[in-house]
Structure formats: C-alpha cells, structure tokens
1. Being touching a residue at least 12 places away in the same chain (Cβ under 8 Å) and either surrounded by 19 or more Cβ atoms within 10 Å (Cβ to Cβ) or within 23 Å of Thr211 (Cβ to Cβ) (or both) is the requirement here; does Arg273 meet it?
2. Is it fair to say Lys381 is assigned to a loop (DSSP other than H, G, I, E, B), modelled with pLDDT of 95 or more and exposed (fewer than 15 other Cβ atoms within 10 Å of the Cβ)?
3. Identify the single condition in (1) in contact with an Asp or Glu (Cβ under 9 Å, 6 or more places away or on another chain); (2) under 21 Å from His334 (Cβ atoms) that Asn51 does not satisfy, given that it satisfies every other one.
4. Quick one: Gly155 ticks every box in (1) buried (at least 20 other Cβ atoms within 10 Å of the Cβ); (2) without any contact (Cβ under 8 Å) to a residue 60 or more places away in the chain; (3) within 18 Å of the chain's Cα centre (by Cα) bar one, so which box is it?
5. When you check Arg342 against the structure, is it crowded, with 16+ Cβ neighbours inside 10 Å and modelled with pLDDT under 95, yes or no?
6. Cβ-Cβ below 8 Å, separation at least six or inter-chain, first residue in the range 344-360 and touching a residue at least 24 places away in the same chain (Cβ under 8 Å) and assigned to a loop (DSSP other than H, G, I, E, B), second surrounded by fewer than 14 Cβ atoms within 10 Å (Cβ to Cβ) and not charged (D, E, K, R): which pairs?
7. Surrounded by 21 or more Cβ atoms within 10 Å (Cβ to Cβ), assigned by TED's automatic domain parsing to the domain that holds Glu218 and either closer than 30 Å to Tyr102 by Cβ or of a type in the set (A, V, I, L, M, F, W, C) (or both), is that true of Val268?
8. Determine the pairs where a residue that is closer than 20 Å to Asp36 by Cβ and touching a residue at least 60 places away in the same chain (Cβ under 8 Å), located within the range 304-328, has a partner that is of a type in the set (S, T, N, Q) and surrounded by 17 or more Cβ atoms within 10 Å (Cβ to Cβ) with Cβ atoms under 8 Å apart, the partner being 6 or more residues away or on another chain.
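The values are calculated or read from the model by the stated rules, or taken from the named source; none is laboratory data. Keep in mind it's a predicted model, so treat the numbers as computed, not measured. Cβ placement follows ideal geometry from the backbone for every residue including glycine, while neighbour counts extend to all protein chains displayed.
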Amino acid sequence: MTHMFQVAEGKEILEGKITDVYFVRTLKILKSEHVDCTVRAEFVAKKLPDNWPWAVLTGLEEVSSILTRLPVKARAMREGTIFYPDEPVLEIEGSYLDFCLYETAILGLLCQATGIATKSSRFKKLCGDRLLVSFGARRMHPSIAPMIERNAFIGGCDGVSVIKSGEIVGRDPMGTVPHALILCIGSTVEALKAFDRVLEPEIKRVALIDTFNDEKFECINVAEALGRKLYAVRFDTPSSRKGDLLYILNECRWELDLRGFEHVKFFVSGELREGDIARLDPVVDAFGVGTSISSAPVVDFSMDIVEVNGKPRAKRGKLSGSKRVLRCPKCHEHKVVPLGQRIENCACGEPYSDVLLPFVEGGKVTAGISKPEQIRKYVLKQIASLAI
C-alpha cells in the first residue's frame, strides 16, 4: 500500500531515518575505526534573516522528544527566550555516536519553529493591542499546521484558526465565514442572517463584506441587517481590485459612524506584510495574517562540535569550548563567555543571569516545558522593550 501523504512519521524521526546520508556514512566509519568521542556540540545562528536584531527560540519541546531517548546531557535556553546572533541556544554533551544521526532532525525542528515564532513576534510588536490572528495554515502542508500555529501563538498571535491548533494552544480557534458560504447562499446579508440563526450566540457575528458588492455599501447593508448584534466586518479585499485599502477603510468607517454603527469593528486580512500594519493601524481593530507568518524565513542554526574528549576543538570560523550565555535583567546587556569564566556584574551594576541552563539529563527534561499560554506570556514580556 502506498502512503497517502509524503510525510515522516514520528517513529521514523526517532529511528534516525530523517538524516542526511553523510551522517550514516560518518557513523559507519567511526564504528569501523573504533573511534568513540565524547563531545559537546552547540547550536548557533551566526546571523538572522532579513537583518532581524533578535529572534524567539522555539522548537525545544519537539527536540526534547529526541534527546530524552538518548544517553546524552543537554543545556538549552528556555523555550520562548529571546536570543541574538552568535549565541548558543542548545548544547548537547555525550558520545557523538549516540546523536550523530539526529543533527538533521534537530536543526529542522529548531530552524522552522523559531522563524515562525519570531515573525509572529514582529507582527505583534507592530499590532500592539490590536488583535492578531494566525490565518496561514492553508499555505503549508497540513501535517505541520499545528506546529505552525503553536509557534505563531507563542510568538504573539492572539488566536489560531485550525481546530487541532486550538486544542494544542488551549484556546478556541478563531474564524469568520468563507466567501464560499456567501457564494452558495447568493447574498452577503442572507449568509450573515443564516450565520446568526444557526450558530451559537457566543460566537461573534463578523461579516465578510467584499464578495459581491462595493465595500462601503455592503458594510451599511450588514450593519442595518444585524444592528447591535454585528460585532465586526472583515475586509479581505483582493489586490486585483483597484484602490487604496486605507481610503476604503476610512470611507467605510465614516459611513458606519454616520449611521450610528460606531460599535462595529474592522478586521483586515489578505496578503498583509509588516509594512502594512502601521499604515492601516489607525482604523483597524484586528489583523488576520497568513502567509507572512506561516512561510516565515527559517533561522539558519548550525550544529558544531566545540569540545572533544574534554578539550576545546572546533572547525575554523567557530569559537571552541563550552560557553555561558549571559543576560543582564536590568539593562538587557547580553554576552557569551567561556563556561569556566566568572563574570560578576554588568556595567550597570546588576548581576548577570545565565540563560543556557540544564535541559535534559538521564532521559528526562530537567526543567520541564511550559504550556503555550505561559510561553507566550514570557515572550510578550521580553519583547515589550525591544525594537524591531
């Protein structure tokens, strides 16, 4: 029987089958030559995509599913920690033979999750108190939709759209209506009335208003049809329709307010980029961001051995030896120093804190992994004082 979907099962990842072939060959050579090194290997991003000044580390929960099955020790930053280029975010210590085959998978788990969470954080910084919803699951393979939306939520999105993702992050999924419902019924107003008749009253009544008619007149139509029941209107105006979206929004706001519908909020989605948020923010109450977050650039971590049998050793271009990663909780100064080096205080006088901490030992996650809601709060607290 052929597979229905071209995806790896968890069992195959844990068996080391999702690996670049040269690691299989390396393992064969080392065993044949009776070479068994105890190493420390660190995961570092030398630079970040698009000149991002910082990134949000995620993916460790899935990484722990691999490491807890291996006879290794690991140190890592806490899931959701802000990090900077050239900072180790994860260090594995053990026989290289034991984790050689898992480099490919671990990198993949960290690189994509971190890119999505960071892009989400950047959008949340731009949106501020405005609602931000992840709408990008449909742009990616369905097997990784929960991963995408978990990390979008952790990074700062206030809600997700996919049912399974909602179960994972612990919040009800968010959504309005598709154009398909309006097309099947044949009228925006009648589709909204049907929505109101059929669905539970706790679900907010949000009208999608750009299926058939001019946005201004459709806004008026749905507002008059539902009155105080109408919570918001959603603009998903395609780029093929000529016109300035900000002008359209301002025109619709004017017409609704003039008729006493000041309570109706504006929800915008469709091809939104970072640069759109500040321009639309004055008149928009909520943003649905899809492809910009779900197809976020990956963070290019690499894994490099930095110590062999207790002695510093690394390839050229890499700093050898195990390291401490330090943060000043007061002024946010950050630095990397050799593991044995003692640093008392930051220049501001505040003691530094270590952020590369014990993560896995004896087959267990030593510090535990927080729930998505807690990780999200941790991320939002950190990025509050950061510029993008």
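1. Numbers: touching a residue at least 12 places away in the same chain (Cβ under 8 Å): yes; either surrounded by 19 or more Cβ atoms within 10 Å (Cβ to Cβ) or within 23 Å of Thr211 (Cβ to Cβ) (or both): no.
Spelling it out, it is not the case that Arg273 is touching a residue at least 12 places away in the same chain (Cβ under 8 Å) and either surrounded by 19 or more Cβ atoms within 10 Å (Cβ to Cβ) or within 23 Å of Thr211 (Cβ to Cβ) (or both).
2. The answer is no for Lys381.
3. For Asn51, the exception is condition (1).
4. (2)
5. Against the criterion (crowded, with 16+ Cβ neighbours inside 10 Å and modelled with pLDDT under 95), Arg342 does not qualify.
6. Filtered contacts from the range 344-360: Tyr352/Ile343; Tyr352/Asn345.
7. Numbers: surrounded by 21 or more Cβ atoms within 10 Å (Cβ to Cβ): yes; assigned by TED's automatic domain parsing to the domain that holds Glu218: yes; either closer than 30 Å to Tyr102 by Cβ or of a type in the set (A, V, I, L, M, F, W, C) (or both): yes.
Here the answer is yes, as Val268 does meet what is asked.
8. Val306/Ser320; Val306/Ser322; Glu307/Ser320; Glu307/Ser322
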